[in-house]
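See structure below.
All of the numbers you see were taken from the coordinates with simple rules; none came from a lab. It should be emphasised that the depicted structure is a prediction, and the values quoted were computed from it without experimental measurement. Cβ sites come from the backbone with ideal geometry, for glycine too, and all protein chains shown count toward neighbours.
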Amino acid sequence: MIDGLQGLCLIPVVGGSIFSLLTVATVKRFFERFPHQNNHFTPPVSVLKPVRGLEKNLKRNLRTIATQDYPNYQVIYSVQDPQDSAYPILKEIQREFGSERISVVISNVEAGANGKVNNLLGAIEEARHDIIIISDSDTNLRPDYIRNIVSPLANPDVGCVCTPFKVTKADSWYEKMELLTMNADFMPSVMFAEITGASNSCLGPSIAIRRSTLDKLGGLESLADYLVEDYEIGRRVWTSGQKMVLLPYMIDVVVDLSSWKNWWSHQVYWDQNTYLARPSAFISTVLIRSVPFALIFALLRSDLIGLGILLTTIVIRMISAMMVAQTMQDKETIKNLYLLPFRDAVGLIFWGLAFTQRTVIWRGVEFKLTSHGKMVKHRLIQN
């Protein structure tokens with residue numbers, strides 16, 4: 001017999017298993033709908049690259065935006081401290097490609113608590129063109145990246161374009177856990193929501209928007225206190241009546257975590273991001289967390305039925321994740337699938353902490369979360 005608590009556990013077990021199978025189809029459908037690229041739409045572009053500190057593969061990642069197959073574009077690397085350890089690398093790239101293409105900005109603007117936005121404010125002052133691309137420093141980009149991301153902006157009804165991403169270059173076990181969170185959980189969910197129309201997305205590592213559009217939405221300054229500035233950009237775009245395009249063009253993001261504690265705080269930060277951006281959607285994800293609830297069910301049962309349901313749930317989850325990874329051409333996820341059940345199990349802990357913690361740590365600084373997804377700087381964290 002199954003008692004009430006066991007029955008409740010079976011709801012996310014069944015729901016999550018069905019969802020895993022559905023993501024196989026929706027991810028495939030997402031990439032099949034690649035829009036026709038407008039090869040004649042090549043307006044001049046300014047690319048903003050906010051940088052802070054040395055990261056894994058930093059020079060290689062930063063150079064990929066300087067070697068684009070695109071006729072007229074400007075790259076602006078920005079730091080907030082002249083003593084930043086990444087600054088010599090930026091100057092080296094500038095010498096390699098010339099100051100006409102590469103600008104390096106040092107600006108200590110602090111309009112709010114969001115360090116990325118503060119860094120972008122210094123960069124955007126040097127932008128020469130209306131179309132702006134915001135590209136994170138840890139992204140590794142193919143030569144056709146700019147051509148693809150600006151193409152939808154040929155339609156004046158499109159307000160903003162972003163791209164999905166997959167995490168790469170995971171070395172330690174905790175970097176592999178981070179990779180699985182993004183590649184086997186978050187991105188399939190984003191693509192599922194896009195195909196089904198369940199929700200909209202704006203993904204921060206790679207965004208293209210007209211500066212005139214950004215100004216109409218309040219400008220970068222108005223985003224300086226938001227924890228989830230990328231979602232806020234997207235929310236303002238689609239509530240203004242313009243289209244938000246999630247392009248079926250995947251980029252790579254290089255993971256760089258210094259310790260398991262860094263991974264833990266980042267996982268909590270990520271779930272807090274999602275909760276603040278879409279509270280009801282985040283809460284509802286408890287209904288698709290199949291593996292942790294199958295584990296709880298098995299522990300409550302302590303018999304062969306419980307063990308059988310746990311093993312069946314894990315098999316469905318791993319096979320579905322493998323098929324999704326194949327569609328995404330993601331060999332690293334396939335290689336690290338053995339960690340997926342553990343990642344899913346501890347993911348329930350992070351989900352719970354998103355409701356209880358009102359501080360978030362990012363790049364060595366602790367912030368307090370306030371209303372409407374905003375934050376204020378609280379204190380520096382000593383390493």
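A few remarks follow.
- For the chain, diffusion coefficient by Stokes-Einstein and Kirkwood Rh (Cα), 4 °C, 1.567 mPa s, µm²/s: 59 µm²/s
- Calculated log₁₀ intensity ratio I(q)/I(0) where the Debye formula runs over C-alpha points of the range 34-256, q = 0.08 Å⁻¹: -0.26
- Between the range 224-254 and the range 102-143, the alpha-carbon center distance in angstrom: 16 Å
- Gain in span if fully extended, Lys335 to Ile11, counting 0.36 nm per residue against the direct Cα distance: 113.7 nm
- Angle in degrees between helix 87-97 and the longest Cα principal axis of the chain, rounded to the nearest 10: 60 degrees
- The distance between label points at Thr239 and Asp215 comes to 2.3 nm (points 7 Å beyond Cα on the Cα→Cβ vector).
- Furthest towards positive pole of dipole, Asn119, Ser172, Leu62, structure part the range 34-256, Cβ charges: Leu62
- Counting only Cβ charges, +1 for Lys and Arg and -1 for Asp and Glu, the dipole size of the chain around its Cα centre is about 180 debye.
- Between the helical axis of 290-301 and the longest alpha-carbon principal axis of the chain there is an angle of about 20 degrees.
- For Ser280 and Lys56, the difference between the fully extended length at 0.36 nm per residue and the C-alpha to C-alpha distance is 77.1 nm.
- Debye-sum result for the range 210-253 in log10 I(q)/I(0), which assumes one identical scatterer on each alpha carbon, at q = 0.20, 0.34 Å⁻¹: -0.72, -1.22
- Bridge type composition, the range 34-256 - antiparallel percent by DSSP, nearest 5: 30 percent
- Each Lys or Arg adds one and each Asp or Glu subtracts one; over the other residues with Cβ under 15 Å from the Cβ of Thr168, this totals -2.
- With both labels modelled 7 Å from their Cα along Cα-to-Cβ, the Arg95 to Ile2 distance reads 6.8 nm.
- The chain - mean residue ellipticity at 222 nm from DSSP helices (-39,500 (n - 2.57) per run, n ≥ 4, rounded to 500): -14500 deg cm²/dmol
- Added length on full extension, which subtracts the Cα-Cα distance from 0.36 nm per residue, Ile305 to Asp81: 74.7 nm
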